[in-house]
Amino acid sequence: MELLEIVNTKLQEHFAADIESAEMLYDYPVFTIQKDKIHEVLKFLKEDETLNFHFLTDLCGMQTADEKQLGVIYHLHNMPKNYRIRLKTFFDISKPEVATATDLWPAANWMERETYDFFGVRFKGHPNLKRILNVDEMDIFPMRKEYPLEDQTRDDKNDSMFGR
Amino acid sequence: MNKKETPYSINQEVIEEKEYSTLNLGPTHPATHGIFQNVLKMDGEIIHEATPTIGYIHRAFEKLAERRPYAQITPITDRLNYCSSPINNMGWYMTVEKLLGAKIPKRAEYHRVIIMELSRIADHIICNSVIGVDTGAMTGFLYIFQWREKIYEIFEEICGARLTTNIGRIGGFDKEWSKKTWDLIDTFLKEYPKGLKEFSNLLERNKIFMDRTVNCGPISAEMALSYSFVGPNLRAAGIDYDVRVMNPYSSYEDFEFTVPVGTQGDTYDRFMVRQHEMWQSLSIIEQAIKKMPEGPMHADLPDFFLPPKEQVYNNMEALIYHFKIVMGETDIPKGEVYHCVEGGNGELGFYLISDGGRTPFRLHFRRPCFIYYQAYPEMVKGIMLSDAILTMSSMNVIAGELDA
Amino acid sequence: MAKEIIKRTKPEIAKMPEGLEGPGFFATKLEDVVGMARKNSLWPLPFATSCCGIEFMATMASHYDLGRFGSERLSFSPRQADMLMVMGTIAKKMGPTLRQVYEQMAEPRWVLSVGACASSGGIFDTYSVLQGIDKIIPVDVYVPGCPPRPEQILEGVLKIQEMAQNESFRRRNSDEYKKLLNSYGIE
């Protein structure tokens with residue numbers, strides 16, 4: 001609980017208008033930030049002396065339940081003080097663009113490529129935004145809910161036996 | 001462009017240009033343990049630039065996990081870092097237990113610790129012996145792989161499988177371990193130190209091995225942190241970050257162990273960190289056996305813990321519960337949770353978003369290999385090809401974890 | 001009592017083919033001799049991609065020892081290999097590479113598909129996994145399992161050895177074989 005307050009007070013000083021929510025989920029303080037300010041917030045969290053979130057644990061994408069928005073989730077870590085927080089930012093699926101975090105943490109490079117590969121999120125300023133895990137010729141973004149898991153071009157599977 | 005003044009002509013421009021040859025360290029290569037490709041721009045024997053391509057074994061785990069109920073996701077987690085599958089399984093169980101808010105009895109947690117440390121030893125056996133093979137020392141591999149067979153026997157007694165174990169349950173273990181299991185573990189604890197000592201004597205202070213691996217592919221602590229290195233690779237660079245110490249889970253705070261840390265982050269440091277971690281794992285297992293508390297082997301989670309098999313075969317209610325749990329027809333709370341465990345390669349994280357349905361809404365695996373392999377082109381700039389191969393094998397890149 | 005039951009026989013290194021024996025000569029069919037030679041010296045190309053590859057490492061190690069069946073020398077170059085052992089999941093991205101490796105092998109060549117993923121896609125019925133390598137190359141022996149025990153892999157190799165021993169010389173040039181290769185698009 002204290003970590004939530006510490007980070008929240010610091011963020012409110014500079015970005016009060018952009019924080020959409022700040023809550024404690026299980027054991028993580030979670031902040032939802034406006035998409036346009038996410039880069040400044042990340043930079044502030046990394047460079048502030050007391051907060052010092054120098055380690056990017058994870059960067060992943062998600063699609064909201066109503067399938068109209070995409071989101072990017074950041075997990076940050078301050079190792080000397082053992083602070084861990086989560087940041088989320090959401091944006092419309094028709095215009096999925098967010099600023100990149102590679103200038104802050106080089107580790108974000110491949111993580112953002114993976115998010116682009118799976119969800120189609122374009123990261124502005126990314127040095128090399130191409131597909132990383134799927135074949136280069138793929139033109140869909142497979143993790144979106146609208147696309148099925150199985151390969152639809154198979155003709156040797158008889159689904160009448162198993163209800164799918 | 002250098003303007004060179006020679007006695008024969010004035011203002012003669014000498015353009016220094018190097019011609020680089022391209023070498024494809026292709027997806028199928030004996031030395032890359034796993035399939036990933038590196039297109040190298042070489043200046044003779046020195047590497048100028050490396051462009052990695054991965055995804056040759058992308059099996060769509062995250063999309064597959066959205067289709068499977070919670071009890072059926074464990075086989076997928078097995079195949080992430082398949083050299084140490086039990087750690088992945090336990091990480092998944094702990095994530096679900098965190099979501100449910102379940103408290104696991106100490107006895108089950110100590111058993112989990114034993115399994116996880118055994119699989120950590122198994123993972124480091126593979127990595128270290130393969131570093132030896134890449135320097136040409138095949139003997140170490142043959143000698144120490146015997147001990148991996150002994151660990152397989154222990155896993156087989158508990159869960160029936162050798163490699164992709166699917167071990168345990170959400171909530172603990174299904175039953176007490178048999179006497180044969182404990183005998184095998186005791187024999188292993190008595191005999192393995194001799195085997196590890198033999199392997200150490202072959203390689204640790206071997207002049208040829210040290211000449212090959214010292215200063216080979218070093219990485220500084222700042223660069224390692226900025227590339228989000230974790231695990232033995234980060235500890236070799238000098239940062240003592242171990243999830244078991246920083247965010248203890250499954251009663252790791254009850255055990256005393258040291259976290260080995262290197263200085264330079266080169267191949268020799270990574271090798272030695274893993275060697276010392278194996279000794280520490282042995283000590284943790286001994287402590288767990290000595291301090292084993294009494295109690296039940298599983299938490300009281302009737303909606304998630306499969307009922308015992310004798311009841312499933314004889315009792316109607318147990319059969320229905322078994323079916324419901326495996327098919328995911330139980331009530332799952334909504335929420336999102338992130339849990340990390342110290343895998344063979346470092347912080348393996350599970351980010352689970354549940355919307356109350358029978359399958360996860362979103363499950364993301366924070367795979368350490370995928371994240372730290374990005375630094376490989378930086379690490380091999382300017383070193384020779386054979387050193388680059390050693391760097392890759394000492395980073396313990398497992399293709400299953402790289403691509404998921 | 002047990003001593004009488006144990007028959008002391010000399011172990012056979014390689015079973016001799018049937019033939020006519022005499023002082024200084026041994027006459028048999030050329031196919032039998034070549035079959036025996038091929039059977040006991042298959043050089044595998046381990047195309048190990050994932051978890052089955054670790055079980056293959058265990059098979060090659062000293063406990064289960066593939067080397068005693070003649071496959072001591074692993075060849076990573078397809079030009080020098082007889083047997084392609086595909087172990088692990090083959091993703092669609094990897095398919096062309098596998099196909100290229102198969103085409104580079106010289107006849108006679110055998111393909112062993114180890115594991116459920118290589119045989120049929122395994123548990124990964126997804127958009128990115130090739131549902132069985134027999135979609136792109138002809139396969140001789142399938143070893144199911146996830147992962148198969150080393151004993152099962154050894155049995156797969158023994159079945160290939162049986163096939164190598166009994167294969168006729170004309171098989172690789174026969175119309176039926178050519179038709180099989182053409183059905184995969186391999187000339």
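Yes or no: the range C:178-187 includes at least one residue that is more than 12 Å from chain B (Cβ to nearest Cβ), crowded, with 17+ Cβ neighbours inside 10 Å and among the small types (Gly, Ala, Ser). No, the conditions are met nowhere in the range C:178-187. Working only within the range A:71-88, note down all residues that are over 9 Å from the mean Cα position of the chain (by Cα) and either part of a strand (DSSP E or B) or not hydrophobic (A, V, I, L, M, F, W, C) (or both). The answer is A:LEU76, A:HIS77, A:ASN78, A:PRO80, A:LYS81, A:ASN82, A:TYR83, A:ARG84, A:ILE85, A:ARG86. Annotation for the range A:86-93: no member residue is over 24 Å from A:SER21 (Cα atoms), more than 9 Å from chain B (Cβ to nearest Cβ) and not hydroxyl-bearing (Ser, Thr, Tyr).
Quick check on the range C:84-124: of everything there that is aliphatic (A, V, I, L, M), touching a helix residue (DSSP H, G or I) at 6+ places or on another chain (Cβ under 6 Å) and not in a strand (DSSP E or B), which residue is nearest to the other protein chains (Cβ to nearest Cβ)? Of everything passing the filter in the range C:84-124, C:VAL101 is nearest to the other protein chains (Cβ to nearest Cβ).
Would a scan of the range B:228-238 turn up a residue that is outside any helix (DSSP H, G or I), surrounded by 21 or more Cβ atoms within 10 Å (Cβ to Cβ) and over 18 Å from the mean Cα position of the chain (by Cα)? No.
The residue of the range B:139-190 that is nearest to B:THR77 (Cα to Cα), among those that are of a type in the set (Gly, Ala, Ser) and not in a helix (DSSP H, G or I), is B:GLY168. Has the range B:49-56 got any residue that is in a helix (DSSP H, G or I) and either buried (at least 22 other Cβ atoms within 10 Å of the Cβ) or away from every other protein chain (no Cβ under 11 Å) (or both)? No. Taking into account only those residues within the range B:134-148 that are over 17 Å from B:LEU282 (Cβ atoms) and facing chain C (nearest Cβ under 10 Å), which is surrounded by the most Cβ atoms within 10 Å (Cβ to Cβ)? Here the answer is B:PHE141. Does at least one position in the range A:69-78 carry a residue that is at the interface with chain B (Cβ under 10 Å from one of its Cβ atoms) and more than 30 Å from B:ALA221 (Cβ to Cβ)? The answer is yes, given that some residue of the range A:69-78 is at the interface with chain B (Cβ under 10 Å from one of its Cβ atoms) and more than 30 Å from B:ALA221 (Cβ to Cβ). Hey, any hits in the range C:78-87 for a residue that's surrounded by fewer than 21 Cβ atoms within 10 Å (Cβ to Cβ) and closer than 23 Å to A:LEU133 by Cβ? Within the range C:78-87, not a single residue is surrounded by fewer than 21 Cβ atoms within 10 Å (Cβ to Cβ) and closer than 23 Å to A:LEU133 by Cβ.
The requirement of being over 29 Å from B:CYS340 (Cβ atoms) and in contact with a strand residue (DSSP E or B) (Cβ under 6 Å, 6 or more places away or on another chain) is not satisfied by A:GLU146.
Of the set (1) within 12 Å of another protein chain (Cβ to nearest Cβ); (2) closer than 20 Å to B:GLY160 by Cα; (3) buried (at least 24 other Cβ atoms within 10 Å of the Cβ), all apply to B:THR95 but (2). Here is the figure for the range B:241-299: residues that are under 18 Å from the mean Cα position of the chain (by Cα), among the acidic types (Asp, Glu) and in a helix (DSSP H, G or I) total 2. In the range B:332-346, the count of residues that are crowded, with 19+ Cβ neighbours inside 10 Å, more than 11 Å from chain A (Cβ to nearest Cβ) and touching a strand residue (DSSP E or B) at 6+ places or on another chain (Cβ under 7 Å) is one or more.
Residues that are more than 9 Å from chain B (Cβ to nearest Cβ) and either farther than 26 Å from B:GLU149 by Cα or of a type in the set (Phe, Trp, Tyr) (or both): does the range C:47-54 have at least one? Among the residues of the range C:47-54, not one is more than 9 Å from chain B (Cβ to nearest Cβ) and either farther than 26 Å from B:GLU149 by Cα or of a type in the set (Phe, Trp, Tyr) (or both), which makes the answer no. Restricting the range C:125-160 to residues that are among the basic types (Lys, Arg) and outside any loop (DSSP other than H, G, I, E, B), the residue that is farthest from A:ASP139 (Cα to Cα) is C:LYS159.
Read the figures in this text as sums done on the coordinates, not as results from a lab. As the structure is a prediction and not an experimental result, all values here were calculated from the model. All Cβ positions, glycine included, derive from the backbone under ideal geometry; neighbour counts span all protein chains shown.
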